[in-house]
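Engineer: I'd like to ask some things about the structure below.
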Amino acid sequence: QVQLVESGGGLVQAGGSLRLSCAASGRTFSSYAMGWFRQAPGKEREFVAAINWSGRDTYYANSVKGRFTISRDNAKNTVYLQMNSLKPDDTAVYYCNALPTMSPPHIALNAWGQGTLVTVSS
């Protein structure tokens with residue numbers, strides 16, 4: 001399977017922006033849809049956004065729709081999550097993973113990486 005390394009998290013004030021990156025290993029990166037997930041302290045992991053293999057089709061959870069933008073650069077084996085208008089409820093560890101399809105439920109194909117922590121202060 002592929003190895004996934006998330007980065008770009010940090011501390012940001014409410015209303016601010018942050019851009020996360022997910023670097024993936026493996027020769028078949030461009031063949032898979034990719035998704036971002038997040039897990040708040042003491043909570044279960046939840047789906048955030050998905051992007052198809054070409055980057056032309058995206059899907060967002062209602063909680064982030066209109067604020068977050070997922071994108072990918074297959075030449076760099078990297079997926080991005082641009083997060084704008086951040087809220088304290090966005091505080092979580094963010095993870096990326098490959099997806100079998102674009103339709104729900106969004107099931108991760110690989111083991112979870114360490115994620116990157118996003119903390120939004122009020």
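Engineer: Restricting to the range 18-52, count the residues that are part of a loop (DSSP other than H, G, I, E, B) and more than 19 Å from Gln3 (Cβ to Cβ). Steps first, please.
Structural biologist: From the range 18-52, those part of a loop (DSSP other than H, G, I, E, B) are 25-28, 32, 40-45, 52; that's our starting set.
When the remaining residues are screened for being more than 19 Å from Gln3 (Cβ to Cβ), the result is 40-44, 52.
Within the range 18-52, residues that are part of a loop (DSSP other than H, G, I, E, B) and more than 19 Å from Gln3 (Cβ to Cβ) number 6.
Engineer: I want to confirm something. Restricting to the range 1-17 and keeping residues that are hydrophobic (A, V, I, L, M, F, W, C) and in a loop (DSSP other than H, G, I, E, B), which single residue is nearest to Ala92 (Cα to Cα)? Working first, answer last.
Structural biologist: Taking the range 1-17 first, the residues hydrophobic (A, V, I, L, M, F, W, C) are 2, 4-5, 11-12, 14.
Checking which are in a loop (DSSP other than H, G, I, E, B) leaves us with 2, 14.
Working: Val2: 23, Ala14: 14 Å.
That would be Ala14.
Engineer: Further question: If the requirement is being surrounded by fewer than 16 Cβ atoms within 10 Å (Cβ to Cβ) and in contact with a Phe, Trp or Tyr (Cβ under 7 Å, 6 or more places away or on another chain), which of these qualifies: Ser54, Ser63, Ser71, Ser122?
Structural biologist: Details: Ser54 fails: in contact with a Phe, Trp or Tyr (Cβ under 7 Å, 6 or more places away or on another chain); Ser63 fails: in contact with a Phe, Trp or Tyr (Cβ under 7 Å, 6 or more places away or on another chain); Ser122 fails: in contact with a Phe, Trp or Tyr (Cβ under 7 Å, 6 or more places away or on another chain).
Answer to the selection: Ser71.
Engineer: Taking only the range 55-70 into account, find how many residues are more than 12 Å from Met102 (Cβ to Cβ) and not in a loop (DSSP other than H, G, I, E, B).
Structural biologist: Number of matching residues: 2.
Engineer: Sticking with this structure for a sec: Restricting attention to the range 74-84, which residues are open to solvent by less than 60 Å² (accessible area, probe 1.4 Å) and farther than 12 Å from Ala49 by Cα?
Structural biologist: Asn74, Asn77, Thr78, Asn84
Engineer: Write out, first by first residue and then by second, each pair whose Cβ atoms fall under 9 Å of each other, whose residues are 6+ apart or on separate chains, and whose first residue, in the range 31-58, is touching a residue at least 60 places away in the same chain (Cβ under 8 Å) while the second is open to solvent by less than 30 Å² (accessible area, probe 1.4 Å) and among the acidic types (Asp, Glu).
Structural biologist: Here the result reads Trp36/Glu6; Arg38/Asp90, each pair linking the range 31-58 to a residue that is open to solvent by less than 30 Å² (accessible area, probe 1.4 Å) and among the acidic types (Asp, Glu).
Engineer: Taking Leu81 as meeting all but one of (1) within 21 Å of Gly113 (Cα to Cα); (2) in contact with a helix residue (DSSP H, G or I) (Cβ under 8 Å, 6 or more places away or on another chain), write down the number of the exception.
Structural biologist: (2)
Engineer: Evaluate the range 4-16: report whether one residue or more is surrounded by 12 or more Cβ atoms within 10 Å (Cβ to Cβ), more than 17 Å from His106 (Cα to Cα), under 16 Å from the mean Cα position of the chain (by Cα) and without any contact (Cβ under 8 Å) to a residue 60 or more places away in the chain.
Structural biologist: So far as the range 4-16 goes, no, none of its residues is surrounded by 12 or more Cβ atoms within 10 Å (Cβ to Cβ), more than 17 Å from His106 (Cα to Cα), under 16 Å from the mean Cα position of the chain (by Cα) and without any contact (Cβ under 8 Å) to a residue 60 or more places away in the chain.
Engineer: Step by step: first the residues of the range 85-115, then only those that are surrounded by 14 or more Cβ atoms within 10 Å (Cβ to Cβ) and touching a Ser or Thr at 6+ places or on another chain (Cβ under 6 Å), then the one that is nearest to Ala23 (Cα to Cα). Which residue is that? Walk me through how you get there before you give the answer.
Structural biologist: Step one: list which residues in the range 85-115 are surrounded by 14 or more Cβ atoms within 10 Å (Cβ to Cβ), which gives 86-87, 90-99, 102, 106, 108-110, 112-113, 115.
Subset that is touching a Ser or Thr at 6+ places or on another chain (Cβ under 6 Å): 91, 94.
Details: Thr91: 21, Tyr94: 13 Å.
The extreme case among them is Tyr94.
The values are calculated or read from the model by the stated rules, or taken from the named source; none is laboratory data. All of these numbers come straight from a predicted model, not from anything done at the bench. When we count neighbours, we look across all protein chains shown, and the Cβ atoms used for this are built from the backbone with ideal geometry, even at glycine. What goes into the accessible areas is simple: the full protein's heavy atoms, side chains included, and nothing from ligands, DNA or RNA. Shrake-Rupley method; radii C 1.70, N 1.55, O 1.52, S 1.80 Å.
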